[in-house]
1. Could you grab me the full set of residues in the stretch B:169-189 that are polar (S, T, N, Q) and either touching a helix residue (DSSP H, G or I) at 6+ places or on another chain (Cβ under 6 Å) or over 17 Å from B:ALA266 (Cβ atoms) (or both)?
2. What are the residues in the stretch A:379-412 that are under 20 Å from the mean Cα position of the chain (by Cα) and at the interface with another protein chain (Cβ under 10 Å from one of its Cβ atoms), if any?
3. Of all residues being out of contact with any Lys or Arg (no Cβ under 7 Å at 6 or more places or on another chain) and within 7 Å of chain B (Cβ to nearest Cβ) in the stretch A:367-378, which is nearest to B:ALA95 (Cα to Cα)? Just the residue, please.
4. Considering each residue of the stretch A:275-295, count those that are within 14 Å of chain B (Cβ to nearest Cβ) and assigned to a helix (DSSP H, G or I), and give that number.
5. Any idea which residue in the stretch B:101-119 is nearest to the other protein chains (Cβ to nearest Cβ), counting only those that are closer than 24 Å to A:GLU162 by Cβ and surrounded by fewer than 18 Cβ atoms within 10 Å (Cβ to Cβ)?
6. Part of a helix (DSSP H, G or I) and closer than 19 Å to B:HIS197 by Cα: which single residue out of B:ARG275, B:ARG297 fits that description?
7. Hey, can you tell me all the residues within the stretch A:248-274 that are more than 26 Å from A:ASN153 (Cα to Cα), in a helix (DSSP H, G or I) and not small (Gly, Ala, Ser)?
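Any read-out appearing in this document is the output of simple, stated calculations on the displayed coordinates, not a laboratory observation. Nothing here was measured: the structure is a model prediction, and the numbers come from that model. Cβ sites come from the backbone with ideal geometry, for glycine too, and all protein chains shown count toward neighbours.
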Amino acid sequence: MTRALPIVLLVLACTVAAAGCGGSDESGARKSLLVVVNAPFSKTPYVGTTIDRGVSLAASDINDRGGVSIGGESYDLRVKRLDNALSPRRALQNVRRAVGDGAIAIVDEGTGIDATWEVAGRDDVPIGIVYQGGEDLVDAQKRPNVYRVAPTNHGLAFRLAEYVIPKRLKVALLHDDSGYGESGAASLRKAFSLNPEAIAASITLPAGALDVAPQVLRARGAGATALMVWGLPPTIAAAITAARTAGWDVPVFTPPAGADPLVRQQLADHPSWVDGLTFATGRLTAERGPGPYLAFQQRYEDAYGAEKVGVKTAAGAPVYQPPEFAMYAYDFMQVLAAALQLADSTDPAEVTKALEQVSVVGVNGDERGFNERNHESVVDDDVYFARFHDMTFGPVPDDPLSATLPVIDQVR
Amino acid sequence: MALATVALPSPLNPLSTEPPVGGRPLVEVEGIIHRVLTTEEVTARVDERGTPFAVRARQRLVVLTKGDYVFIVPAPVIAVDAGPGSESSPGQRRASILWSGFNAGRKVLVADARLRPREAAKVLPLRVEAKGSTVTISNATPIRSSTFTATPQVAPLARYLDAVRAATLRGRLVPIGTATISDEPKPTHASVEAPLHVAGTIGGRRVDVVLGDGRPLRLTVPRGDGKIDLRAEVVPPSRLLTPPGGAGSWAAATVDGPALLDRAQAVLLRIARVRQYDSYLADPDPRGNAQTTYVYRSGRRPVAAPRAAPVADDEAGTALVRGLLVGLGGAAALAAGLAVWARS
């Protein structure tokens with residue numbers, strides 16, 4: 001009789017616990033909340049890894065500060081990585097799994113959001129996109145659980161148009177048929193819609209094709225005096241290769257993918273081909289100077305080591321990649337922590353709503369936050385242009401914003 | 001007799017938390033204070049009794065400092081949109097309007113905000129009351145403020161008052177001043193208002209009046225057809241700043257010391273009050289010279305739709321079912337446990 005009483009109490013305790021548990025679980029001394037990283041670790045490892053590292057570093061910093069205080073209890077943030085392999089189907093499976101595992105939030109590269117937002121939305125789990133900038137991915141009214149800390153395609157495309165059109169270049173718009181390429185092409189079409197005379201051709205490239213010489217030749221034949229290539233890093237490398245192999249020294253403009261290490265790795269045998277490549281992306285530093293960003297970069301490198309691009313300058317110095325997209329992932333995590341604190345709840349619905357009401361000072365000193373009308377945290381004004389020279393890049397001098405920005409050292 | 005130098009009231013310090021509505025803005029988010037030219041138009045729709053039932057505010061900011069900007073303007077916002085000519089779109093939170101971006105030289109930001117009437121109306125400068133056959137408009141800005149009486153040195157104080165007058169006439173920032181006194185200051189209080197210039201029509205009758213600045217604070221007119229169409233702007237206390245007896249300056253006027261000190265404080269406190277009501281929504285530039293026009297128009301208060309019959313809340317229902325299931329599970333577990341216990 002006495003042996004069985006504890007069994008009764010245990011059963012009752014389990015029943016009560018089952019009623020009270022949310023998405024958290026016990027881990028060590030403190031409870032933890034799960035954040036899932038859904039990113040292309042296998043297909044574009046640089047993107048997947050940099051997002052994961054930004055999230056993990058933020059989680060570690062937040063946990064070191066004592067975690068997130070909710071209802072008088074401290075919670076650690078725990079990170080799980082799921083590979084979407086740039087496949088919307090895999091992304092959907094991952095999000096289902098994340099929701100099933102009780103994730104408090106999903107930090108996402110952006111693939112498959114058209115399907116995944118709804119699955120996450122049914123349980124009010126917020127998704128923070130930190131790489132892709134597709135215009136339709138984020139909509140505060142229609143997709144209330146989707147947020148983004150990354151430059152938008154709208155901002156990138158309009159800034160590119162604003163930069164290129166006054167130069168009186170005839171632009172060939174080349175995009176690949178990946179989701180990234182298609183959404184970028186849509187934004188470019190809108191951005192150039194008022195200046196159709198600036199467009200020489202609009203051509204689709206097969207994503208992953210090693211040889212796009214026929215399409216580049218077509219662009220040249222159409223009278224193009226500049227290439228704007230919106231695609232995955234291999235597509236950009238292939239387009240540059242095709243142009244330079246043909247002896248065509250045409251200026252090339254790209255979105256942030258142009259700065260992916262893979263582009264330089266694929267062109268490592270011909271470093272001069274990279275020279276002049278100009279890409280648009282979000283600024284790394286803010287008004288208050290490079291200090292905040294450099295402090296983050298130092299902490300990132302202390303944790304993971306400096307990210308080698310795998311190429312060298314003409315003088316033989318190895319080139320390192322600034323952790324730009326890790327910065328966005330890190331910032332989203334800080335905003336998430338602020339929202340958890342404001343919501344004072346582990347209910348994802350409360351956290352999703354609270355994300356609209358908080359701001360933090362981001363890694364680069366810029367404000368990061370969302371609001372009820374806008375779930376974008378990188379404003380279009382913050383898009384700048386950088387140009388490659390000797391395998392490293394620096395801000396261009398002929399754009400008002402870019403001209404104010406410092407060069408971030410990429411050689412040690 | 002010992003002399004002491006005392007500070008006169010600051011023409012810059014607000015005399016109350018509001019206005020601006022919702023308090024002061026957050027303007028140093030990124031460590032930079034921007035030069036901003038701010039103009040605002042606040043439109044209040046009033047019902048047949050003169051009570052505001054809808055308030056909109058349009059704030060136009062011309063940002064002049066090159067660089068990043070982040071402005072968080074407190075406001076009891078229902079909804080906010082970009083206004084005409086805006087080069088960016090505002091963000092919205094429960095109690096603020098947000099702007100952020102990069103300014104390459106000059107940028108125009110226009111927010112068109114619908115405000116929660118109860119919170120917005122209590123900060124309006126003009127009260128309209130329609131009763132019986134009359135309409136009374138009154139200056140709603142008076143506030144009790146601390147002052148003091150003493151015997152000052154007349155000449156320097158008169159020169160300072162002339163400087164205040166000149167700055168006011170030219171629309172410049174009013175300098176902060178002091179007075180040298182020869183006796184113990186005695187604290188006292190005074191009611192100060194932001195003088196209000198009101199023009200327009202009430203019941204078809206033309207109105208053009210300044211309420212305050214030494215004039216009456218209210219005006220009663222026949223109701224007529226009851227329609228209100230008024231524009232109100234706070235104005236500097238130019239009447240109180242005018243030297244008496246036709247003198248060209250305070251230095252040339254004959255005024256005794258205590259009266260001069262009293263006048264200087266009355267003027268400075270009113271200028272501070274004017275500055276408050278000149279930025280109904282907070283001015284992101286703390287050194288700025290915002291200007292606000294208040295518009296009052298009659299309207300028909302929207303009739304509330306009849307309340308629909310209560311509908312079962314899905315979530316509440318789900319929670320109830322979950323609770324019942326947990327309860328039943330618990331009871332079953334308890335029964336099973338008791339059975340085991342009984343047989344052991």
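1. B:THR180, B:SER182, listed by residue number.
2. A:VAL379, A:ASP380, A:ASP381, A:ASP382, A:VAL383, A:TYR384
3. Here the residue is A:ARG373.
4. 3
5. B:ALA104
6. B:ARG275
7. Matches in the stretch A:248-274: A:PRO271 only.
Let's see how each residue does on (1) assigned to a loop (DSSP other than H, G, I, E, B); (2) over 13 Å from the mean Cα position of the chain (by Cα); (3) surrounded by fewer than 22 Cβ atoms within 10 Å (Cβ to Cβ):
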| position | (1), (2), (3) |
| --- | --- |
| A:ALA103 | yes, yes, no |
| A:GLY110 | yes, no, no |
| A:ALA115 | no, yes, yes |
| A:ALA120 | no, yes, no |
| A:GLY128 | no, no, no |
| A:ALA140 | yes, yes, yes |
| A:ARG143 | yes, yes, yes |
